[in-house]
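The values are calculated or read from the model by the stated rules, or taken from the named source; none is laboratory data. Keep in mind that this is a model prediction, so the values were computed, not measured. Here the Cβ is made from the backbone with ideal geometry for all residues, glycine too, and neighbour counts use every protein chain on show. Areas reflect the complete protein model, heavy atoms only, side chains present, ligands, DNA and RNA absent. Shrake-Rupley method; radii C 1.70, N 1.55, O 1.52, S 1.80 Å.
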Amino acid sequence: MPPKSRGPTLFDAQRQQTLQNQAPLAARMRPRTLDEFVGQSHIIGEGKLLRRAIANDQLFSLILWGPPGSGKTTLAQIIANSTHAHFEPLSAVSAGVSDLRRVVQEAKDRLGMFQQRTIVFIDEIHRFNKSQQDAILPYVEDGTIILIGATTENPSFEVNSALLSRARVFTLEALSDEEIGILIDRALHDRERGLGEMKIMLASDARGYLINMSNGDARTALNALEAAARSKPPAIGETRLITVDDIRDALQSRATRYDKRGELHYDAISALHKSVRDSDPDGALYWLGRMLDGGEDPLYIARRLVRIAVEDIGLADPQALPQTIAAQQAVHFLGQPEGELALAQAVVYLCLAPKSSALYRAYGAVQRDVAETRNEPVPLHLRNAPTPLLKRLGYGRGYEYAHDLPEGRSDQEHLPPNLAGRIYYEPTGRGFEATARERLAWREERRQRPPESPTPPVPLDELSPGEEPQLPPDELPPKPSPRRKGK
């Protein structure tokens, strides 16, 4: 039998009332119905799937993914207030496998005895490890529980694919400035749950500053507003005038939307890389600043700049690689914040440098040929011949020593016979590669010539007595089979 739940007592009611009165403004102003909900019209607007499912109490397993303060927990509480199913909230920060098993067992009993469904809301579901997520997977699949997970991290990386395939993902967006303004005005005028009884006057420039600095996070905006209001002494007529300085003091710093271990880490480094590739120093410097402000490891950025120097610039500017290596050494030597300026210098240099992916494409083509073609032996004329035997076998025969030639180069073939004439490196006409293109013009002539046959090895009959031929086993004459001795 399911455990008998104890009914609410007078002390429970008093505790709830006290918590409600003392809760932060963001918690007190949390919308109670979908009509009060602000934002996310793309998923809970009129006629949308999630709104219909909540209104009809026909929910399915889902994952709410969005930045902090976008309304994930609020939506879960609206569902809890509107559904006839049993609502069981859990936090992945404190819950373990034993808690999940208890909730699942109670859900089984509840479904069998009372035909009542159970909705399990798991906040911060990305904090559950694989074994914890696997513990609820069978019960989500067979419908024992309806899972609602909330996460600020990309569920593609943080939620098991098996669990993800059994739930719909709804993406919430950061609130717009207009939506944040609506929530601020509502809190200022609400006398029951907001600050309406405090007679607050929010200066227009302070309102704009608060909206801007909240970064689309409703929780940050409301809690900063309350902190500024409660710390401001009343003036004439008991009115509290909130200024920009009051908001600045309450916020201390902008609500940073950056997680060096989350999805924005990869999005920001991608934006930095693409800004450099497009030769935009302003965009590149901005994303560099965003990453460093968010606590990103500067050596991680330095490593990516080295990669950019060889992938997107290469020999179009041979100084790009030394610049990035010097920036990495400066960051390592100076630390932060002094070393950040070295990264900024390297970023701007890379943006201004001529761009070329010729080296990147050349090496990629080489890697494909190495992996997908027959690995022929090294041509004999390119082999070293340190012994008389190897010389007689043709090692090094026909090799042209470039320094003995008039132009100091040789157009002899250096690729295996199956790849003879292949051209990998095609320099562009930008930067130093324009000079490289002129220097390699002689390859066009070589490309038109048919490949030369490799120098044949010395015949077997020319070997000295006692010398073993250094040939592949399939080219050696067969040895006579030994005779078996009779008994």
- Sequence-distant residues sharing a close amide H with Leu62 (under 5 Å, placed H): Leu147, Ile148, Gly149, Arg168
- Specify the inter-centroid distance of the range 330-344 and the range 139-209, based on alpha-carbon positions, in whole Å. 38
- Quick shape check on the range 252-399: root eigenvalues a ≥ b ≥ c of the Cα gyration tensor, a/c under 1.5 is rounded, otherwise prolate if a/b tops b/c, else oblate, and it reads prolate
- Message: If you average 1/r across every pair of different Cα atoms in the range 145-272 and take the reciprocal, what Kirkwood value do you get, in Å?
- Response: 17.0
- Item | Listed residue pairs exceeding 24 Å between alpha carbons, taken from Lys72/Lys108; Lys72/Lys130; Lys48/Lys72 | Lys72/Lys108
- Message: If I ignore ligands, DNA and RNA and count only protein heavy atoms, how much of Phe128 is accessible to a 1.4 Å probe, in Å² to the nearest 10?
- Response: 10
- How large is ³J(HN,Hα), in whole Hz, for each residue of the range 92-107 in order, when computed from phi with the Karplus curve 6.51 cos²θ - 1.76 cosθ + 1.60 and θ = phi - 60°, using x for Gly and Pro? 5, 5, 10, 7, x, 4, 4, 5, 5, 5, 5, 5, 5, 5, 5, 5
- Item | Accessible area of the range 118-271 divided out per residue, in Å², using a probe of 1.4 angstrom | 49
- Task: Taking every Cα atom in the range 80-126, find the radius of gyration and the maximum pairwise distance Dmax, and write them in Å.
- Result: 11.2, 33
- Query: Among rounded, prolate and oblate, which fits the range 90-223 when a ≥ b ≥ c are the square roots of the eigenvalues of its C-alpha gyration tensor, a/c under 1.5 means rounded, and a/b larger than b/c means prolate?
  - Reply: prolate
- Calculate, for the range 355-453, the solvent-accessible area per residue in square angstrom, rolling a 1.4 angstrom probe over the heavy atoms of the protein chains. 69
- Message: Explain nothing, just compute: Karplus ³J(HN,Hα) = 6.51 cos²θ - 1.76 cosθ + 1.60, θ = phi - 60°, for every residue of the range 376-393 in order, whole Hz, x for Gly and Pro.
- Response: 5, x, 5, x, 4, 6, 9, 7, 7, 10, x, 10, x, 4, 5, 5, 5, 7
- Query: Tell me, how many Å apart are the Cα centres for the range 347-402 and for the range 36-65?
  - Reply: 60
- Note on the structure: Output for the range 321-405: trypsin sites (Lys or Arg not before Pro) sitting in coil per DSSP, at most 10 other Cβ within 10 Å, listed by number, reads Arg374
- Mean-position separation - Cα centroids, the range 225-245 and the range 79-108, in angstrom: 42
- Query: Across the range 217-226, in residue order, what do the Karplus-derived ³J(HN,Hα) couplings come to in whole Hz, using 6.51 cos²θ - 1.76 cosθ + 1.60 with θ = phi - 60° and x for Gly and Pro?
  - Reply: 9, 5, 5, 4, 5, 6, 5, 5, 4, 5
- For the range 317-424, just say rounded, prolate or oblate: build the C-alpha gyration tensor, square-root its eigenvalues into a ≥ b ≥ c, call rounded for a/c under 1.5, and beyond that prolate if a/b exceeds b/c, oblate if not. prolate
